[in-house]
Structures are given as C-alpha cells and as structure tokens.
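No lab work stands behind these numbers, since they all come straight from the coordinates. Owing to the predicted nature of the structure, the values given are computational and were not obtained by experimental measurement. Here Cβ is always computed from backbone atoms with ideal geometry, including for glycine, and neighbour counts include all displayed protein chains.
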Amino acid sequence: MTVLLDVQEISKSFKLKGYWYHKRTFTALSPLSFTIEANKTLAIVGETGSGKSTLAKILVGAETPTQGEIYLHGQLLQKKRFKQRCQHVRMIFQDSGTTLNPSLTIQELLDEPLILNTDLDEKERQQLIHKTLQKVGLLGEHMNFYPHMFSGGQKQRISLARAIILEPQVIILDEALAALDPSLRSQMINLLLDLQQQMGLAYILISHNLGIVRHFSDDIMVMSHGKVVESGKTLEIMRKPKHKVTQRLIMSQNFKLK
Amino acid sequence: MNLLDIRNLSIELDTPSGRVLAVDKVSLSIKEGEFRGLVGESGSGKSLLAQAIIGVLEDKWHVNADRFHWRGIDLLRLTLAERRDLLCRDIAMIFQEPMSCLDPTTLIGEQLSEAIDDSQFTGYFWQRKKQRKEAVIKLLHKVGIKKHSQCLTSYPHQLTEAICQRVMIAIALARQPILLIADEPTATMENTNQGQIFRLLANLNQLKNMSILLISHDLENLTHWTSTITVMYSGQFVEAGTTEQIFNKPMHPYTRALVDSSTKANLQIPAKSRLITLPGSIPILKHLPIGCRLGPRCPRAQKTCVVAPKVTSFHGHKVSCHFPLFRETRRKYMQKQQVVKGTE
C-alpha cells in the first residue's frame, strides 16, 4: 500500500501573555509523526485538552504548525495554499446544525466549494451536486431546501456531502458521530464505510466512544497533553493497553475486548 | 410499594392546527430504591415526561392520565400549590449542562445555602448561620468534593463541568429527596467525567436508598448502572423490564435495533462490517403516523400495526407490540392471524 498522508514532526505552540524577557509559550502539540494509507482509518483518542482538535485543525489547514511538514502523495502541502489543500483534505464537525449556513439553500451551500475550487460551469456543478446528494442517501430534489427543513441525521449527511463533493482523499471526522442518536449513528457509520470502499477515502476519526473506534478504525493513536502515548493497530492496543492513559480510558468506559 | 405510579399518561400540545399528542399513553412506575433508566432518541418525549412528573410544563401542554400517583396520593386531584409543596419536598431534578443551570453571578456557597431550608435546623436563631455552613460543607462531602472551602468561594465558571454537575446534585440533595430525576446529566461531558457522575448516582442509590430516574438517549451507556429500563419511541411506550431483559432479550423491534446498533454490544462482529439499523429517522411532531409510531420504519410491520398495540407483560417484561420478537404460544398466534385476516 502506498502512503497517502505523511505527517512529519508536527508541533504547535501558542504564545502566552508574559513580559519581554519572560516570554511564555504553551505547547499544544509536541512533535509527532504518523502516516495514513488510502482505504484506512486512523482513530485519535484522548481526553479534552490532549491536542486532538489542534492536530485536526493543522491537518485541514485552519492552523499553521509551528514546525513540521505534511506530505500528500509525497508532495508537500504548503502553508498558505488552501486551494490545493481543500481539494484533498476535508473536515466534518461535531454539530452539523450550526455548521450549515441557515440562510443558504443546500444547492448554494454545496456550490461554494465548487465555485472556489473547480472550473465547472453551472450545469455541471448542478449535476455534480445532484449526484453527490444521492451518494449520501438524500434526494436530488433536496437541493432547494434550507438546512432547517432537515433532521439532525440528514444535516450530518449534508455536511458529509459537502466534504466529499470535491472528491478528497482524506476526511477528518472531528467528533462527527457523537451528537447523533444511536440508530442514526449506525446509519452514518454504514454510509461512511460504504463511501470508504467506493472512493478509497482515508478517515481520521476523533472520537470518545471506544465502541465506534473499535468498529471503525484500523489504527489508533492515543494522545495525552499534546503527546502521543501509544499508537498501533486498534485491536492489539485494545486487547493489551500498555500505557496508563489508555488503560484508564478503557476502564472508564467499561470496555472489555476478548 | 410503588413510589411513583403512572398509567397511560398523555401530554397534548396546543398548536394552530389543533392538538397534537406528543406523549401517547405512557406508563411508568418506580419502586423504592430503584435505579431506572428512561431511554429514547431525541424527540421521543422523555424530557417532557420528566417535566410532567415534577409539574413544570407550560400552560400550552395538557397532561392527562388514568393514574398519576405519588406514594398513594393522586397528584391530578391536588391543586397546583398543594402539589408543588408535596413534590418539591420529595422529588428533585438535575438537568443537562450544569454550567448554564447555576447562577453565574453568585458564589457556589451562597447557591448551596439557599437550597437548604430552615426546618432542618434546631436550636436558637444565632446558631443558624453556623449550622447552615456546616450543612453546606456536609452536602459537598456527600457528592465527593473534598476541597470544600475552595469550591464554596468560587463562581460556576471557575469550576469544571463535572464539579458543577456535582454541585447541582448537592443542591438537589439538600432537601433529602426520595426520588432524583436526572435528565441527561452527562450529555456534554467526556467519558471519564461521565463515569464519575454515574458512579456518584449509583452510590447515592445504594447507600442512601434513593430512587433515581436516569434519562438518556444512549442505551449502551446506561446498561452498566441501571437495574430497570423503560424505552420510549416518538412519545409512545415501547418496552420496560430489567436491564438484562432489555439488553439481552429485547422483544420490541425498536429495542432490538437499538441494541444491534450499539457498537459496544456487538464486539463479536468483525470491524468495518455493516451495522444493522432501522431505515429513516424519527417522525416529527406534525407528521406522526397513526397506530404504532414505529410502523413506517419497522421491519416486522403488518396491517394490524395501524392500530396502537396494547401493552402485554411477560414475567414483568412489558412490551407494546403486535408482533414481539419471540415465539408466541400457538393459540395466541392463531388468534392474531384471524384478526389480520378479519381486517383484510
């Protein structure tokens, strides 16, 4: 398998208030590296404040890393070139209700990334939107609806449609499944797995729920205070957690894997 | 004896296009010292039910019930004031998002001492202040906060969410309630804190013999803590029984789907395989299906399902379905077949 995304020695620190000679910094991420292959899912677990979301933001380009480089297919992703990055790395957020602009129809919402990133004309764009909506299990007619006309699960599908419309290679799911009801959540998991098979996507799943992590991911990375404390194959780590943080996480969810 | 005994409780909502039945004939009973879970997806009316129990619904909601008893007293016959007196002594409720429930401009200590009433104290009035402070500290110890002096002199925003929820529980415990209703107490928390809160509730239940009604949307988180579970769907009663009955032998197709869709219950299925789920989503209040509201999504639905099913009980395992998931006795099956034929 070829390596899709190669992250090398990424770190992030924030400047805090301080005096001139006492410049203080807060290290959100200590240098870390990992790779992802196509068709695979990497799960990132950890407590709040462990730097998971910072890592996600850096990967998608919303934050610039203090150090380190990200390579996609061996090609360096440059810091300010969003056009290149948005086509390949997309993100879905936790609360789909607030991430969709309520004053735009679904068509306008999905049109935006296409206008900004592609040279398709209006008719082609419309066809693509139609096709993408069907791919995520909605109808083409839903194009003219507004976000408030959809239920929570459907809104999450629209966010997914917005993520896959540019045919990316990596999708980051930042707690994207946490706010959904159980039956909708498993519908969504099925859909995500189907899309992974069809389009060869790589997912980076940030989640608290170890059950989902177990079911969904191939590799796992446990983070604590900005450092990676344990990483490897999901099943092996869940069977034999070595680090204290991992053990505590598994304990706290009464999670037993035979 | 049953603490709370509710039979066929209906809650209706006045809308411009007539009344809508939001909660349709739900039964719920809580025994003394019971830890009951109330499970349902969002929009299934579980919070509404809890609010109806403590009587804080607005005027536009109308509550009717065949029986609505609290320790043998019929609540529907009491006036509002009498009912409030009774319930605020015996029942306490905690809500989700503790940060937004506490007053942000008042110290935790003041908020706590506000909740303690004078009838708990004895002695002269000049001793009250000291007693009150002692009672507050005792309450904080009860919910597992050891650094009481630091906690008392801080504002809600200075504390973490789990500590805030503990303070909320302490306020709820101030009047020594018999029943504690917890409406998704851990909705916005992470897992380690979630465990702490659940453990605290379980401790209160076992040590103080307090009954707890725990409301949640996630079946798999509850099963470790509760002894009995009631499941609701779209305002209708689905299934009730002990946790083992519900989780290991669900009889209703909806509960079955909930258990199947839980990733924790299905550790034996291979990773990345498809999970079994029901198609579609929960219906909105304006377009409720007639009869059994699961009907359009149910894999076992048949013609009879347009009539709402009656609740049947099998050894304390109550289920509301025409075609529950188990082998019926031959005679009953034949009767049902005849009913099906009769409608055709």
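For peptide A:44-51, what's the mean number of Cβ atoms from other chains within 10 Å of each residue's Cβ? Each step should come with its number before you reach the end.
Values: counts 0, 1, 1, 4, 6, 1, 0, 0.
Whole-number average of other-chain Cβ neighbours for A:44-51 is 2.
What are the radius of gyration and Dmax of region B:1-111, computed over its Cα atoms and given in Å?
Expressed in Å, the Cα Rg and Dmax of region B:1-111 come to 15.7, 48.
Less than 13 Å apart at the alpha-carbon level, and either on another chain or at least 8 residues along: which aspartates and glutamates does that give for B:K146?
none
Using 7 Å Cα-to-Cβ label points, what is the A:V229/B:D74 separation (nm, one decimal)?
Between A:V229 and B:D74, the label points sit 5.9 nm apart.
Going by how many other Cβ atoms sit within 10 Å of their own, how do B:H322, A:H22 line up, fewest first?
Details: B:H322 21, A:H22 8.
Arranged by neighbour count, lowest to highest, B:H322, A:H22 become A:H22, B:H322.
Exposure proxy check: B:R77, A:R90, A:R125 ranked by fewest other beta carbons within 10 Å?
On the way: B:R77 9, A:R90 23, A:R125 17.
Neighbour counts put them in this order, fewest first: B:R77, A:R125, A:R90.
Efficiency by 1/(1 + (r/R0)^6): what FRET value for B:H224 and A:W20, r their Cβ-Cβ distance, R0 = 45 Å, to the nearest 0.05?
On the way: r = 54 Å, r/R0 = 1.20.
With a Förster radius of 45 Å, E is 0.25.
Could you list the trypsin sites (Lys or Arg not before Pro) in region A:23-78 that lie in coil according to DSSP, counting only those with at most 13 other Cβ atoms within 10 Å of their Cβ? Write out the running numbers ahead of the final one.
On the way: sites: A:K23, A:R24, A:K40, A:K52, A:K57; in loops: A:K23, A:R24, A:K40.
Listed in order of number, the matching sites are A:K23, A:R24.
Relative contact order, percent, of region A:3-252 when contacts are C-alpha pairs under 8 Å separated by at least 6 residues?
Worked out over region A:3-252, it gives 26 percent.
Could I get the Rg over Rh figure for the protein assembly as shown? Both from C-alpha atoms, Rh via Kirkwood, rounded to two places. It would help to have the intermediate numbers written out before the result.
Details: Rg = 26.7 Å, Rh = 26.9 Å.
Using only Cα positions, Rg/Rh for the protein assembly as shown is 0.99.
Do the alpha carbons of any pairs in A:K57/A:K135; A:K12/A:K52; B:K249/B:K310; A:K12/A:K83 sit beyond 18 Å of each other, and which pairs?
Details: A:K57/A:K135 27 Å; A:K12/A:K52 12 Å; B:K249/B:K310 20 Å; A:K12/A:K83 23 Å.
Listed pairs above 18 Å: A:K57/A:K135; B:K249/B:K310; A:K12/A:K83.
Arranged from highest to lowest average of other beta-carbon atoms within 10 Å per residue, in what order do the peptides A:187-197, B:31-41, A:144-154 appear?
Highest-to-lowest ranking by the protection proxy: B:31-41, A:187-197, A:144-154.
For region A:3-252, what's the radius of gyration and Dmax over Cα atoms, in angstrom?
Reported Rg and Dmax, both Å: 18.9, 62.
With a Förster radius of 45 Å, plug the Cβ-Cβ distance of B:S313 and A:D194 into 1/(1 + (r/R0)^6) and report the FRET value to the nearest 0.05. Provide the component values of the computation, followed by the final result.
Numbers: r = 41 Å, r/R0 = 0.91.
Plugging the Cβ-Cβ distance into 1/(1 + (r/R0)^6) gives 0.65.
What is the set of long-range amide H partners of B:I94 at a cut-off below 5 Å, with H atoms built 1.01 Å from backbone N?
Under 5 Å from the amide H of B:I94: B:I181, B:A182, B:D183.
With a 10 Å cut-off between alpha carbons and a GNM built on chain A, which of A:G232, A:G18, A:G140 moves the most?
A:G18
Going down the table (A:K155/B:K60; A:K23/A:K242; A:K242/B:K208; A:K227/B:K46), which pairs top 32 Å between alpha carbons?
Too far apart for the 32 Å limit: A:K23/A:K242; A:K242/B:K208; A:K227/B:K46.
For region A:85-156, list log₁₀ I(q)/I(0) at each q in 0.12, 0.18, 0.25 Å⁻¹, using the Debye formula over Cα point scatterers of equal strength and ignoring solvent, two decimals each.
Relative scattering, expressed as log10 I(q)/I(0), comes to -0.32, -0.75, -1.37.
What does the convex hull of the alpha-carbon atoms of chain B project to on average, in nm²? List each step's numbers first, then the result.
Numbers: hull surface 86.3 nm².
Taking a quarter of the hull surface, the average projection is 21.6 nm².
With n ≥ 4 as the cut-off for DSSP H runs, can you work out [θ] at 222 nm for chain A, using -39500 (n - 2.57) per run divided by the number of residues, rounded to the nearest 500? Working shown, then result.
Working: 10 runs with 99 residues, N = 258.
It lands at -11000 deg cm²/dmol.
Less than 20 Å apart at the alpha-carbon level, and either on another chain or at least 8 residues along: which aspartates and glutamates does that give for A:K131?
Filter leaves A:E108, A:D111, A:E112, A:D119, A:D121, A:E122, A:E141, A:E167, A:D194.
Please compute the net charge surrounding A:A176, taking Lys and Arg as +1 and Asp and Glu as -1 over other residues with Cβ under 15 Å from its Cβ.
Numbers: positive: A:K52, A:K57, A:R90, A:K155, A:R157, A:R162, A:R185; negative: A:D95, A:D174, A:E175, A:D181.
Local charge sum for A:A176: +3.
May I ask for the distance between the Cα centers of region B:185-215 and region A:132-162, given as a whole number of Å?
About 37 Å separates the Cα centre of region B:185-215 from the one of region A:132-162.
Enter the Cα centre distance for the pair region B:79-145 and region B:1-70, rounded to the nearest angstrom.
A separation of 26 Å, based on Cα centres.
How high is the relative contact order of region A:212-252, given as a whole-number percent (alpha carbon pairs under 8 Å, six or more residues apart)?
Numbers: 38 pairs, mean separation 13.1, N = 41.
Result for region A:212-252 is 32 percent.
By count of other Cβ within 10 Å, fewest leading, how are B:V20, B:V319 ordered?
On the way: B:V20 14, B:V319 24.
Going from least to most buried by this count: B:V20, B:V319.
Which residue fluctuates the most in chain A, going by a Gaussian network model with Cα springs under 10 Å, if the choices are A:E230, A:E37, A:E124?
Fluctuation is largest for A:E124.
Taking Cα centroids, how far is region B:157-171 from region A:102-129 in Å?
If we compute the Cα centre of each part, the gap is 46 Å.
When Lys and Arg each count +1 and Asp and Glu each count -1, what net charge do the other residues less than 11 Å away from B:A170, Cβ to Cβ, add up to? Write down the numbers at each step before the final one.
Working: positive: B:K138, B:K142, B:R166; negative: none.
Every neighbour counted, the sum reads +3.
If the reach is capped at under 19 angstrom between alpha carbons, list the aspartates and glutamates near B:K25, excluding any in the same chain fewer than eight residues apart.
Those aspartates and glutamates meeting the cut-off are B:D5, B:E12, B:D14, B:E41, B:D66, B:D74, B:E239.
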